[in-house]
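Some notes on the structure that comes next.
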Amino acid sequence: MRNIPRAHAEWVHTAAFVIGIGCVVFGLYWGVTHAGEPEIFSPALLGYVGIALILYNGWRLVANRRQPHS
């Protein structure tokens with residue numbers, strides 16, 4: 001596995017965290033405004049992807065802050 005500089009990894013995790021928040025907000029908005037429409041593949045499913053991004057990258061940001069700097 002390739003070593004990535006700590007600052008770059010933190011920036012990537014922060015960017016993915018923000019994208020996840022955007023996906024959740026968009027998914028909630030779409031789900032509320034199109035609640036009565038039958039859809040098979042709804043853009044509201046982006047909310048689930050957003051939650052996964054928030055959980056994983058939030059955890060990585062917290063875990064990386066607890067590790068001592070090398």
Flagged in the range 1-42 as without any contact (Cβ under 8 Å) to a residue 60 or more places away in the chain and basic (K, R), in numbering order, are R2
Condition set in a helix (DSSP H, G or I) and not small (G, A, S), scope the range 1-12, selection most open to solvent (accessible area, probe 1.4 Å): answer is W11
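In the range 43-52, which residues are touching a residue at least 24 places away in the same chain (Cβ under 8 Å) and either at positive phi or open to solvent by less than 50 Å² (accessible area, probe 1.4 Å) (or both)?
Looking only at the range 43-52, we keep the residues that are touching a residue at least 24 places away in the same chain (Cβ under 8 Å), and these are 47, 49-52.
Answer for the range 43-52, where residues must be touching a residue at least 24 places away in the same chain (Cβ under 8 Å) and either at positive phi or open to solvent by less than 50 Å² (accessible area, probe 1.4 Å) (or both): G47, G50.
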Scanning the range 13-42 residue by residue, the ones that are at pLDDT below 85 and either surrounded by 14 or more Cβ atoms within 10 Å (Cβ to Cβ) or in contact with a Cys (Cβ under 8 Å, 6 or more places away or on another chain) (or both) total 1
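Across the range 53-69, what is the number of residues that are among the aliphatic types (A, V, I, L, M) and open to solvent by 60 Å² or more (accessible area, probe 1.4 Å)? Please lay out each step first, then the result.
From the range 53-69, those among the aliphatic types (A, V, I, L, M) are 53-55, 61-63; that's our starting set.
Imposing the further condition that a residue be open to solvent by 60 Å² or more (accessible area, probe 1.4 Å) reduces the set to 55, 62.
Summing the residues that are among the aliphatic types (A, V, I, L, M) and open to solvent by 60 Å² or more (accessible area, probe 1.4 Å) in the range 53-69 gives 2.
Return the total of residues in the range 2-12 being among the basic types (K, R) and either at pLDDT 95 or above or within 16 Å of the chain's Cα centre (by Cα) (or both).
Keep residues of the range 2-12 that are among the basic types (K, R), which gives 2, 6.
Add one more test, that the residue is either at pLDDT 95 or above or within 16 Å of the chain's Cα centre (by Cα) (or both), and what stays is none.
Final tally of qualifying residues: 0.
Of all residues in the range 4-49, which are of a type in the set (D, E) and either under 27 Å from R65 (Cα atoms) or in contact with an Asp or Glu (Cβ under 6 Å, 6 or more places away or on another chain) (or both)?
Just the residues of the range 4-49 that are of a type in the set (D, E), to begin with: 10, 37, 39.
Correct list: E10 only.
The values are calculated or read from the model by the stated rules, or taken from the named source; none is laboratory data. A quick note: this is a predicted structure, and the numbers were derived from the prediction, not measured. Every residue, glycine as well, gets a Cβ built from its backbone with ideal geometry; the counts of neighbours run over all protein chains shown. To get the accessible areas, we keep the full protein, side chains included, count just its heavy atoms, and leave off ligands, DNA and RNA. Shrake-Rupley method; radii C 1.70, N 1.55, O 1.52, S 1.80 Å.
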